[in-house]
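These notes are about the structure you will find just below.
The values are calculated or read from the model by the stated rules, or taken from the named source; none is laboratory data. Predicted model, so just to flag it, every value in this text is computed and none were measured. For neighbour counting, all protein chains shown are included, and Cβ atoms are generated from backbone atoms with ideal geometry for every residue, glycine included.
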Amino acid sequence: MTTSTRAKKQLFSTSLNAKSARAGMLFVLPAVGLLLMFLVAPVILAFSLGFTNAKFASPNEPEFIGFDNFTELLSLGQVTVNADPSDPNVAYDNLRDLTKPAAETPYAGMQILEESFSEDGKTANFTVAGDALFWKSLRNTLIFALVIAPLQGGLALALALLINSKIKGKVFFRTIYFMPVVTSMVVVSILWIFFYQKDGLANEILSKVLPGFEPVAFLADPNLALPAIIFMSAWQGVGFHMIIWLAGLQTIPGELYEAATVDGANKWQQFRAVTWPGLQTTFVFVLIIISIQAMGLFTQVNVMTQGGPLDSTTTIVFHLFREGFRKNEIGYSSAIAIVFFVLVVLISVIQRRLTRERD
């Protein structure tokens with residue numbers, strides 16, 4: 001082959017590679033554009049607006065205010081004031097003098113988060129916060145995540161073990177358990193509102209099971225509203241995590257169970273010695289996924305309770321939404337979004353550390 005022929009072939013190959021690269025870029029460009037528009041741009045916008053006093057649909061230009069939003073959001077304080085056992089209002093009046101916006105104290109503009117009185121009633125201790133509702137929503141979100149992670153993960157594992165066993169109708173049960181996952185959360189939430197009403201099915205079932213049970217409006221009780229949402233959310237999402245557990249179960253070699261059976265291990269011993277060690281990576285994945293999904297709790301609260309009663313079901317994302325789109329405080333809601341982003345990143349870092357240790 002002559003040098004000129006070889007050069008022509010190399011030039012043709014280079015031209016073909018360049019055309020393929022351009023064609024690939026054209027195919028990828030729409031997806032990249034959508035990611036930039038709906039993922040990257042909002043993140044950059046939130047980080048920029050979080051340091052301003054921007055308001056939604058306001059004629060005034062946003063002003064840079066530094067860390068003021070974060071100071072208000074995260075500030076906490078402990079105040080002790082004199083009280084009168086015969087008049088509880090005295091303590092609140094004394095606190096009001098310290099927390100009113102015009103007060104020249106470190107607690108100016110702060111709100112009551114928690115309160116307690118001494119045994120003799122002569123002093124009162126108040127925990128105050130720049131945004132008491134944020135701390136309540138953080139507490140509710142963490143409670144939701146801490147409860148639903150073992151509840152939903154454990155129930156999903158039990159269902160996966162049941163379906164993975166040699167029983168008839170496995171495909172039918174798998175479909176039944178997975179159906180709530182593909183149903184709209186808005187639809188599910190509306191149905192469960194009726195389920196939780198005082199004359200709803202939940203009270204009917206409890207009345208049959210527990211003689212003398214008095215019907216209760218679950219979503220109207222501050223002590224029961226959040227547990228009711230937790231139970232509904234666990235039921236709705238258990239099918240998704242069941243499939244993940246099932247995939248992990250099917251990666252465990254059958255020879256291990258055969259060897260355990262030969263050694264005389266019963267079902268529980270086989271689970272402890274074979275099944276659970278083989279599911280460690282799946283366990284970490286399921287746990288972190290449930291936790292991240294729990295941190296983003298919004299739809300159920302928005303449809304079922306609107307954060308009530310008495311803010312007992314308000315979550316971080318719902319608080320963010322309410323501040324930004326109902327109170328028009330876009331700058332402040334962006335600051336909440338940044339704090340929420342940091343929390344999710346911390347969970348992701350923990351996930352990475354756990355998986356690295358497993359590897």
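In this structure, is THR251 buried (at least 17 other Cβ atoms within 10 Å of the Cβ) and either closer than 19 Å to LEU155 by Cβ or without any contact (Cβ under 8 Å) to a residue 60 or more places away in the chain (or both)?
no
Please report, ordered by residue number, the helices (runs of 4 or more DSSP H) entirely within segment 260-311 with at least 2 residues that are of a type in the set (S, T, N, Q) and surrounded by 15 or more Cβ atoms within 10 Å (Cβ to Cβ). Before the answer, list the steps.
Numbers: elements: 267-270, 280-295, 299-304.
The qualifying helices (runs of 4 or more DSSP H) are 280-295, 299-304.
Given PHE144, PHE173, PHE194, which one is in a helix (DSSP H, G or I), over 30 Å from ILE347 (Cα atoms) and at pLDDT 90 or above?
On the way: PHE144 fails: over 30 Å from ILE347 (Cα atoms); PHE173 fails: at pLDDT 90 or above.
Exactly one residue qualifies, and that residue is PHE194.
So which residues in segment 103-119 are surrounded by 14 or more Cβ atoms within 10 Å (Cβ to Cβ), part of a strand (DSSP E or B) and within 29 Å of the chain's Cα centre (by Cα), if there are any at all?
GLN111, ILE112, LEU113, GLU115
Per-residue answers, yes or no, for (1) touching a residue at least 24 places away in the same chain (Cβ under 8 Å); (2) of a type outside the set (Asp, Glu):
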position: GLU104; (1), (2): no, no
position: ASN140; (1), (2): yes, yes
position: ALA149; (1), (2): yes, yes
position: ILE176; (1), (2): no, yes
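Scanning segment 194-227 for residues that are among the small types (Gly, Ala, Ser) and without any contact (Cβ under 8 Å) to a residue 40 or more places away in the chain, which turns out nearest to ARG174 (Cα to Cα)? It would help to see each step written out before you state the result.
Our first condition is that a residue be among the small types (Gly, Ala, Ser); within segment 194-227, this holds for 200, 202, 207, 212, 217, 220, 225.
Those left that are additionally without any contact (Cβ under 8 Å) to a residue 40 or more places away in the chain: 200, 202, 207, 212, 217.
Values: GLY200: 28, ALA202: 25, SER207: 30, GLY212: 37, ALA217: 32 Å.
Per the stated criteria, the residue is ALA202.
So THR314 passes all but one of these: (1) of a type in the set (Ser, Thr, Tyr); (2) surrounded by 17 or more Cβ atoms within 10 Å (Cβ to Cβ); (3) assigned to a helix (DSSP H, G or I). Which condition number does it fail?
All conditions pass for THR314, except number (3).
With (1) among the hydrophobic types (A, V, I, L, M, F, W, C); (2) within 19 Å of THR313 (Cβ to Cβ); (3) in contact with a helix residue (DSSP H, G or I) (Cβ under 6 Å, 6 or more places away or on another chain) as the list, and ALA124 as the residue in question, which single condition is left unmet?
(2)
Looking for something hydroxyl-bearing (Ser, Thr, Tyr) and in contact with a helix residue (DSSP H, G or I) (Cβ under 6 Å, 6 or more places away or on another chain) - is there at least one such residue anywhere in segment 160-169?
Within segment 160-169, the first condition is being hydroxyl-bearing (Ser, Thr, Tyr), and the residues that meet it are 165.
So of that shortlist, the ones also in contact with a helix residue (DSSP H, G or I) (Cβ under 6 Å, 6 or more places away or on another chain) come out as none.
The answer is no; no qualifying residue exists.
Restricting attention to segment 204-237, report how many residues are touching an Asp or Glu at 6+ places or on another chain (Cβ under 9 Å) and farther than 21 Å from THR299 by Cβ.
Total meeting the criteria: 2.
Which one of LEU155, LEU161, LEU142, LEU151 is within 23 Å of the chain's Cα centre (by Cα), surrounded by 15 or more Cβ atoms within 10 Å (Cβ to Cβ) and under 15 Å from ILE244 (Cα atoms)?
Numbers: LEU161 fails: within 23 Å of the chain's Cα centre (by Cα); LEU142 fails: under 15 Å from ILE244 (Cα atoms); LEU151 fails: under 15 Å from ILE244 (Cα atoms).
Testing whether each residue is within 23 Å of the chain's Cα centre (by Cα), surrounded by 15 or more Cβ atoms within 10 Å (Cβ to Cβ) and under 15 Å from ILE244 (Cα atoms) leaves just LEU155.
Within segment 120-134, track down each residue that is assigned to a helix (DSSP H, G or I) and surrounded by 20 or more Cβ atoms within 10 Å (Cβ to Cβ).
Keep residues of segment 120-134 that are assigned to a helix (DSSP H, G or I), which gives 132-134.
Within segment 120-134, just PHE134 meets the criteria.
Please give the number of the condition LYS166 fails out of (1) outside any helix (DSSP H, G or I); (2) at pLDDT 90 or above.
For LYS166, the failing item is (2).
Spot the failing condition for HIS241; the list is (1) closer than 25 Å to ARG352 by Cβ; (2) part of a loop (DSSP other than H, G, I, E, B), and only one is missed.
(2)
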